[in-house]
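The values are calculated or read from the model by the stated rules, or taken from the named source; none is laboratory data. None of the values given here were measured: they were computed from a predicted structure. Cβ coordinates were reconstructed from backbone atoms using ideal geometry, including for glycine residues, and neighbour counts include every protein chain displayed. SASA here: full protein model, heavy atoms, side chains in, ligands and nucleic acids out. Shrake-Rupley method; radii C 1.70, N 1.55, O 1.52, S 1.80 Å.
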Amino acid sequence: MSSNVKPERRVGRWYFGGIASAMAAACTHPLDLLKVHLQTTTTAQLAGAGNAPPATLITSTFSIIRQQGVIALYNGLSASLLRQLTYSTTRFAAYETVKNRFMQYDANGLPYMPFYQKVMLAAVSGAVGGAIGTPADMVNVRMQNDIKMPLDKRRNYKHAFDGLWKVYKTEGVARLFNGVTTATPRAALLCIGQLAMYDEIKYSMLHYLPNVFQDNTMTHFSASLIAGGTATTITQPLDVIKTRMMSAPPGTYKSIAHCAKDVFRNHGPLGFFKGYVPAFVRLGPQTILTFIFFEQLRLRFGYIKTG
């Protein structure tokens with residue numbers, strides 16, 4: 001990096017977000033698997049049926065390891081990586097490309113865009129990415145949920161592409177996009193909570209506290225931690241509905257409203273936040289790692305915006 005170029009002047013290339021997200025997903029996949037398990041757990045299992053202990057993050061972890069080994073925590077990893085390479089590449093590419101095209105620099109030389117514009121851009125980018133990534137996301141949910149199913153009911157996908165092919169052959173093209181109506185708005189909210197919030201928090205830190213924060217890992221960590229908490233909170237209800245619709249047998253739910261009504265009737269309002277702790281434990285580190293990886297790629301391999 002040239003010594004006379006400020007770090008914040010470097011911008012990322014369109015594919016950096018997809019690479020960074022895939023790297024982060026490889027690290028946090030076991031947490032994502034546990035989140036899916038808790039979201040698809042029945043009320044009786046969650047409360048503890050008979051003498052069985054209640055289903056929690058810790059008990060689920062030990063149960064999986066005891067019954068199927070540590071490697072089972074990485075079940076569905078290929079689908080998770082494929083999802084990031086489709087969904088996250090799309091959302092980051094759209095968001096960063098448009099932002100880099102229209103952003104300006106303030107009096108301190110910091111890249112600037114009004115927050116409402118970031119929110120709108122993040123929502124559109126997330127919605128498009130969510131729709132494109134739905135097939136891989138559905139296979140990911142199924143593969144993660146497979147290990148808790150009875151042996152005769154498991155789908156036994158060998159990898160992500162095998163899952164996509166089997167769904168296409170046995171259930172049709174439309175089934176590949178099962179859950180797209182919830183994945184799309186959830187992805188829009190997630191992008192607002194992650195991309196728009198991260199950019200705004202990072203800018204505020206660099207703008208208002210220049211003596212404390214610089215464009216370095218400490219700033220990236222702090223901003224991404226807050227963004228991860230925000231994203232988890234606003235997306236959890238839709239995430240629960242999406243997971244249930246994707247993992248349910250065909251015909252179980254007619255619509256988002258039907259699924260939401262079922263969750264509310266069986267679990268109450270808190271049912272929409274089932275799995276919140278593992279969701280935050282997963283999304284928080286995933287958000288932090290994604291932006292740290294992304295920023296390192298930007299600082300080392302990004303280009304200088306001119307004009």
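Quick notes on this structure:
- Unsatisfied cross-links (Cα-Cα over 19 Å) in the set K153/K242; K35/K274; K99/K305; K35/K148: K153/K242
- Where I64, I192 fall by accessible area, highest first, once all protein chains stay in place (1.4 Å): I192, I64
- Prolate/oblate/rounded label for region 224-306 (Cα gyration tensor, a/c 1.5): prolate
- Taking all protein chains as shown and a probe of 1.4 angstrom, I234 keeps an accessible surface of around 70 Å².
- Calculated [θ] (222 nm, deg cm²/dmol) that DSSP helices of n ≥ 4 give over the chain, each run adding -39,500 (n - 2.57): -21500 deg cm²/dmol
- Choice from D32, D199, D152 with maximal GNM fluctuation in the chain (Cα, 10 Å cutoff): D152
- Every Cα-Cα pair of the chain was included, and the share exceeding 36 Å stands at 20 percent.
- Scanning the chain for long hydrophobic helices, with DSSP H runs required to stretch 24 angstrom or more by C-alpha along their axis and to average at least -1.0 on the Kyte-Doolittle scale, returns 16-39, 115-132, 217-247, 276-301.
- Given a 1.4 Å probe and the protein chains as shown, E200 ends up with an accessible area of around 50 Å².
- Backbone amide hydrogens, once placed in the peptide plane, bring Y112 within less than 5 Å of Q104, Y105, D106, excluding anything fewer than 5 places away on its chain.
- Using R0 = 25 Å, the C-beta based FRET efficiency linking Y303 and F221 works out to 0.55.
- At 1.306 mPa s and 10 °C, Stokes diffusion of region 117-212 via Kirkwood alpha-carbon radius, µm² per second: 102 µm²/s
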